[in-house]
Amino acid sequence: MKIPYKLKKIIPNILTGFRLVIAPIILVFGFLGHVKIVLVLTILGAITDLLDGFLARKWNVVSQFGAKLDAVSDKVFATSLLLSLVRKAPILLIVVIFEIIIAAMNLYFYKNLKKSETLFIGKVKTTSLFICIVISFIFCFFHKLEFLLNGFVYMTINLQILSIISYVLNYIDKIQKIRKPVLEELDIHKKIMEENTIELENLKDLEIEN
C-alpha cells in the first residue's frame, strides 16, 4: 500500500506531537506513584522519537516546523519524565530547575537571533540527561543503585552549567557579529557628517571673506 505524500508529511509530526500529548499523562501517573505505567509511556515516547526523524528523512519530508516541534517535544517530554520521578528521587528536582533555565535561555536567544543553534556541549548534556532518566527508572526498582544515580545526576548538573555558560558566550559572540556591521556603518555616516560640516564651515568662511 502506497502512502500518499500529504500523509507522509504529517505522520512524523503526529509522532512528534504524541510526546507532547503524553507529557501531562506521565506527570499525573508519576505523582500518583505508578512508575510502571510511566515506564510504558516512556518507552512509547522513545519509540516515536526514533521513528519521527527516521520517517521524515526516509520520505524526504524534513521541515523547519518539524525540527522545531521535535526540539520542543523532547524538552517537554524529558522534563515531564524528570518531574514524574522526583517523588522517588528528589535529587532530580535540581536537574529539572536547570533544564527549565536552559529552555528559557534558548527561547530568549531564538527570539533575538531568529535562529536556534545546538552546541556540542548541549548534545553531551542531553545524552547524559537521558541516561540519568534511565538510571532513575532502574533506581525505582533497585534502590541499592542510589550511588550510581547520584553520580549521573551530579555529572548532568555540571554539564548543564557548562551548557549555560557556553550558550551565553555563544549568544554574546553572535550579537557582537550582528552589531559590528551596524556600528561600522554608523561610524561611516558619522565621518561623512563631520566632513560635510567642515565643508560647510569652509564655505561660510569663504563667503565672509568675499
Mind checking whether some residue in segment 38-50 is among the polar types (S, T, N, Q) and closer than 30 Å to residue 2 by Cβ? yes
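Consider residue 109 carefully, then state whether it is farther than 29 Å from residue 173 by Cα and either aromatic (Phe, Trp, Tyr) or in contact with a strand residue (DSSP E or B) (Cβ under 6 Å, 6 or more places away or on another chain) (or both).
Values: farther than 29 Å from residue 173 by Cα: no; either aromatic (Phe, Trp, Tyr) or in contact with a strand residue (DSSP E or B) (Cβ under 6 Å, 6 or more places away or on another chain) (or both): yes.
So residue 109 does not fit the description; no.
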Do you know which of the residues in segment 120-150 that are surrounded by fewer than 13 Cβ atoms within 10 Å (Cβ to Cβ) and closer than 17 Å to residue 75 by Cβ is farthest from the chain's Cα centre (by Cα)? 127
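Please indicate, with yes or no, whether at least one residue in segment 137-145 is farther than 18 Å from residue 35 by Cα and assigned to a helix (DSSP H, G or I). Don't jump to the end; show me each part of the working.
Applying the first criterion (farther than 18 Å from residue 35 by Cα) to segment 137-145 yields none.
No, every residue in segment 137-145 fails to be farther than 18 Å from residue 35 by Cα and assigned to a helix (DSSP H, G or I).
Right, residue 117: within 18 Å of the chain's Cα centre (by Cα), open to solvent by 50 Å² or more (accessible area, probe 1.4 Å) and among the acidic types (Asp, Glu) or not?
Taking the combined requirement at face value, the residue satisfies it.
The values are calculated or read from the model by the stated rules, or taken from the named source; none is laboratory data. None of the values given here were measured: they were computed from a predicted structure. FYI the Cβ positions are ideal-geometry reconstructions off the backbone, even for glycines, and counts take in every protein chain you see. The area values use the complete protein model at the heavy-atom level, side chains included, leaving out ligands, DNA and RNA. Shrake-Rupley method; radii C 1.70, N 1.55, O 1.52, S 1.80 Å.
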